[in-house]
Amino acid sequence: MDDQAMPLLEIKGLNAGYGMIPVLRDVSFTIGKGDLIALVGSNGAGKTTLIKTISGLIQPTAGDIILHGKSIVGRNSAEIVRMGVTQAPEGRRVFSGLTVEENLRLGAFTRTDKSARNLKESLETVYEYFPRLKERRKQLVGTMSGGEQQMCAIGRALMGRPQLLMIDELSLGLAPIIVESLLDILAQIHARGTTILLVEQDASVALGFCQRAVVLETGSIAYTGTAVDLLSDGKLVKSYLG
């Protein structure tokens, strides 16, 4: 298979959980290069567990995760970030006692090309997407609003120069107008070639924005296909998304 035809990421028969508590059961789907894909499902469906497993924060008990045609099971999270997968985690997880720019620079920690010039170029790219962060680059992140902290979390993930950007619960605790502005920025990021996996409990937000959808129900895949087809099938929406 040539590089163009090869999926960016393949999940094959994945099982994972916490200790003796299983969460994911036989999860399989692919993410193609350039995809804009929504991962949706009710609270507790296993969405966050899945992206933690992709990121290497949780090791699977069965199955495989294949990135660029190579298994990444057993690799640590720093290696996986270096290979091109980053995330903006649920709840932002910014460092409140550090400035905006200090938080952003931490996103480049695993990079091998950390020359002053390269980091400056990456910072300027983030500031182009998020002008407010540039205005407040010396401000402590803990003094910023939830929306600004979400910008910082996404910007920090972008500093890793990802091919796959995963965002967990973008809309959590944010006003709809702020979510809409963040989605506009994500559309710009996607248009420049970054593959995006948007993890959302608010299905209307994710499905209205993304092209493809994966629905998790109690740790198993309930649907994969286009977001439009899912939204147009009232029975599916009612069964899986409430």
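Any read-out appearing in this document is the output of simple, stated calculations on the displayed coordinates, not a laboratory observation. These figures come from a predicted structure and were not determined experimentally. Heads up, the Cβs are rebuilt from the backbone with ideal geometry, glycines too, and the neighbour counts pull from every protein chain shown.
Here the calculated FRET efficiency for VAL73 and SER42, from their Cβ-Cβ distance with R0 = 35 Å, stands at 0.80, rounded to the nearest 0.05.
Take the cross-link list LYS47/LYS235; LYS12/LYS52; LYS114/LYS134; LYS52/LYS134; LYS33/LYS235; LYS12/LYS33 and give me the ones stretching past 26 Å between alpha-carbons.
In this structure, LYS52/LYS134; LYS33/LYS235 exceed 26 Å between Cα atoms.
With a cut-off of 12 Å on the backbone N, the residues of the stretch 10-35 near the modelled label site 7 Å out from THR61 along Cα-Cβ are 15-26. For the chain, take the longest principal axis of its alpha carbons; what is the angle in degrees between that and the long axis of helix 176-191, to the nearest 10 within 0 to 90? Around 90 degrees separate the two axes.
What the Cα convex hull of the chain gives, in volume per residue, is 128 Å³. Compute the angle between helix 116-129 and the longest alpha-carbon principal axis of the chain, please, reported from 0 to 90 degrees and rounded to the nearest 10. Taking the Cα atoms of the chain, the angle to 116-129 is about 70 degrees. For the stretch 1-128, the calculated P(r) over all alpha carbon pairs, in 10 Å bins from 0 to the bin holding the longest distance, is 11, 35, 34, 18, 2 percent. As a rough guide to protection, the peptides 11-18, 183-190 ranked by mean Cβ packing within 10 Å, highest first, stand as 11-18, 183-190. Sorted fewest first by neighbouring Cβ atoms within 10 angstrom, ARG192, ARG156, ARG132, ARG92 come out as ARG192, ARG132, ARG92, ARG156.
Report Rg/Rh for the stretch 92-161, rounded to two decimals, where Rg is the Cα radius of gyration and Rh the Kirkwood radius.
Here the Rg-to-Rh quotient is 0.94.
Taking label points 7 Å from Cα along the Cα-to-Cβ direction, ASN15 and ALA222 give a separation of 2.2 nm.
Distance between the modelled labels on ALA187 and LEU140, one decimal in nanometres: 3.7 nm (7 Å Cα→Cβ projection).
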